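Worksheet: the structure to be examined is printed underneath.
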Amino acid sequence: IMLKLTRKLEYSLIALSHMQKKDENELSTTKEIAEKFAIPQEILAKTLQQLAKLEIIHAVQGPYGGYKVIESLDKLSFLEFIEKMEGPQGLVECTTDSDCSLVDVCNIRQPIKIINNNLKTMFNNILLSEITQ
């Protein structure tokens, strides 16, 4: 688990929070969100496309198009969201990838694993909707 959110995750949470506060059929545009929250439009556009591909938001094409939340954000934990957006997370490489050259001599692997598991449990117990409401 990262202890610092990536910009992509920050922008995703800001956008989701913004969209959730709108009426069910009201769309949000990349431009609108980028301007309101001073987010670089190009990065936000890629982030929203990824959210749409993951079926967390719905993309409506056309001149009056935009995005709206489709997946119920109270069914997705913060950990699931992070891992959908960024892939498996761990404090150190060996918690997500066993290709570590220190694996045979490492003297902190077990305590790090415990910390990592505790962080994952904590993030798994937070619903995405609790952050974006």
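The values are calculated or read from the model by the stated rules, or taken from the named source; none is laboratory data. What you are looking at is a predicted structure, and each value in this text was computed from that prediction instead of being measured. Glycine gets a Cβ as well: all are built from the backbone with ideal geometry, and neighbour counts include every protein chain shown. Ligands, DNA and RNA are stripped out before the accessible areas are found, and what is left, the full protein with its side chains, is counted by its heavy atoms. Shrake-Rupley method; radii C 1.70, N 1.55, O 1.52, S 1.80 Å.
Looking at the chain, identify the longest residue range that excludes and avoids all GluC sites (Glu not before Pro) in DSSP loops having at most 13 other Cβ atoms within 10 Å.
Values: sites that count: GLU24, GLU26, GLU55.
Of all site-free stretches, the longest is 56-133.
Report, by chain and number, residues whose modeled amide H sits under 5 Å from the one on SER77, excluding near sequence neighbours (fewer than 5 apart, same chain).
Hits under the 5 Å cutoff: LEU128.
Compute the relative contact order of the chain as a whole-number percentage, counting only Cα pairs closer than 8 Å that sit 6 or more residues apart in sequence. Don't skip to the answer; put the middle values down first.
Numbers: 144 pairs, mean separation 40.7, N = 133.
Here the relative contact order equals 31 percent.
Just reorder ASP23, ASP104, ASP74 by solvent-accessible area, largest first, 1.4 Å probe, all chains present. Intermediate results must be reported in sequence, preceding the final value.
Values: ASP23 110, ASP104 145, ASP74 85 Å².
The ordering from most to least exposed comes out as ASP104, ASP23, ASP74.
About its Cα centre, how strong a charge dipole does the chain have in debye, to the nearest 20, once Lys and Arg get +1 and Asp and Glu get -1 at the Cβ? Spell out each step's value before the answer.
Working: 15 positive and 18 negative charges, 38 e Å.
The calculation lands at about 180 debye.
Counting only protein heavy atoms and a 1.4 Å probe, tell me what percentage of the chain's accessible area is made up of carbon and sulfur.
Details: 4260 of 8380 Å².
Result for the chain: 51 percent of the exposed heavy-atom area is carbon or sulfur.
Quick one: if you stick a label point 7 Å off each Cα along the C-beta vector at GLN61 and ASN117, how many nm between them?
Those two pseudo-labels are separated by 4.8 nm.
Taking the solvent-accessible surface of protein heavy atoms with a 1.4 Å probe, what is the per residue accessible area of the chain in Å²? Provide the component values of the computation, followed by the final result.
Values: 8380 Å² over 133 residues.
Here the per-residue accessible area is 63 Å².
Here are some pairs, LYS22/LYS75; LYS21/LYS84; LYS36/LYS75; LYS68/LYS113; LYS31/LYS113; which of them have Cα atoms lying more than 30 Å apart in this structure?
Details: LYS22/LYS75 19 Å; LYS21/LYS84 23 Å; LYS36/LYS75 27 Å; LYS68/LYS113 38 Å; LYS31/LYS113 42 Å.
Checking Cα-Cα distances, LYS68/LYS113; LYS31/LYS113 exceed 30 Å.
Keeping all protein chains in place and using 1.4 angstrom, which order do VAL60, VAL105 fall into by accessible surface area, from largest down?
Numbers: VAL60 55, VAL105 110 Å².
Sorted descending by solvent-accessible area, the residues read VAL105, VAL60.
I'd like the FRET efficiency for GLN50 and ILE108, computed as 1/(1 + (r/R0)^6) with the beta carbon distance as r and R0 of 35 Å, rounded to 0.05. Intermediate values should be presented prior to the final figure.
Working: r = 34 Å, r/R0 = 0.96.
Calculated transfer efficiency: 0.55.
Would you work out which of LEU5, LEU16, VAL69 lies farthest towards the positive end of the dipole of the range 1-70, given +1 charges on the beta-carbon of Lys and Arg and -1 on that of Asp and Glu, about the Cα centre?
LEU5
As a test of reading the structure, rank PHE37, PHE81, PHE123 by solvent-accessible area (1.4 Å probe, protein chains only), most first. Mind showing how you got there, number by number?
On the way: PHE37 80, PHE81 0, PHE123 30 Å².
Greatest to least solvent exposure: PHE37, PHE123, PHE81.
222 nm [θ] for the chain, helices only, -39500 (n - 2.57) per DSSP H run of 4+, per residue, to 500?
On the way: 6 runs with 65 residues, N = 133.
Only helices count here, giving -14500 deg cm²/dmol.
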